[in-house]
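Computed from the coordinates by the stated procedures, all read-outs in this text should not be read as laboratory data. All values reported here derive from a predicted model rather than from experimental measurement. Because the Cβ atoms are built from the backbone with ideal geometry, glycine has one as well, and the counts that use them run over all protein chains shown.
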Amino acid sequence: MRCLEIKRQMEDDDIATVNELLDAAARADGRRPLSDHLYLDLVNGGHNGFAGLLASEPGHDHPVAYAQVSRGNDSYAFELVVHPHHRYEMATIGPELIDSAIEIIASDGGGNVNWWVYEPTSMHRQLAGDAGMRVGRTLHQMRRPLPTGIAVTTATRDFVPGIDDDSWLSVNNRAFAGHGEQGGWTLETFCQRQGEEWFDPAGFRVHDVDGRMAAFCWTKAHPATDTEPEVGEIYVIAVDPDFHGRGLGKQLTLAGLEHLSDMGISTALLYVDADNTAAVTMYERLGFSVSATNAAFVNEVAPSNQFVLESRNNR
């Protein structure tokens, strides 16, 4: 008999337990299973709108699955991790955690929810359909070898923590207005990212126009794993809307790639919405190609006073 424990705040012991599960999944899959946004919400104890769902079974000294709900920019993000030893139970574990997450969102007032899945399978699609979800966004992971051999012609500088924070927040939130994960950042959110071990101001390239931040390219180095060498990521890149049309997106991407190459990294990756044709085309021209595809299954959850969870047998 599975036991499901729902936590609205995470204590140190809870975080350690979840990390053991995440580490087991990472060893099996060769990648970390939670996005940065959700993972930082987890390790910081859980902010407003957070819920961590831990599933356990008698006779097992580890959780069999973990799901998390985190509030983003006018929406909720949901992700689900099943222990590698229990993935044969996905058909029963998945619905339990998905239904519980939807009930939590409904009780918190409802809203748009995005279930992010890496390389979704037919099982994921079936679970999403049974929960009333549809594919909303498709995100390509694109990669290319380094160096690029393409000259950078736009000057950039290092980001300066404590000095550039407010300017960066303004550019980021203007550029990503309405974006589920990257929009609506606060100074607290940004400072959490700066506190991560991987944060490097020199890898955060900034371009100014007349003393004003016009564009940036924030890079991230991923340490080598058992399955692949160190990889460099174009983590976030944006151009202030006032400076669109100047080719800054391409030049800031090249500046970020140049920095990663100078670090001795031989492979770069980035994520881009599949339907952002202009961005995908630009990255393809810079030598990137699609290496993996993620999908967000979405649903609009009504508040609990309107929400009735239907029996799956009736769907």
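In order along the range 35-41, the phi-based Karplus estimate (6.51 cos²θ - 1.76 cosθ + 1.60, θ = phi - 60°) of 3J(HN,Hα) comes to 5, 4, 4, 6, 5, 5, 5 Hz; Gly and Pro are listed as x.
Net charge within 12 Å of LEU139 by Cβ-Cβ distance, Lys/Arg positive one each and Asp/Glu negative one each, not counting LEU139 itself? Neighbour charge sum, excluding LEU139 itself: -3. Descending by average beta-carbon neighbour count within 10 Å, the peptides 59-65, 291-297 line up as 291-297, 59-65, the highest first. Counting Lys and Arg as +1 and Asp and Glu as -1 over every other residue whose Cβ lies under 14 Å from the Cβ of GLY109, the net charge comes to -3.
Comparing GLY162, GLY109, GLY232 in a Gaussian network model of the chain where C-alpha atoms under 10 Å apart are linked, the largest mean-square fluctuation is found at GLY162.
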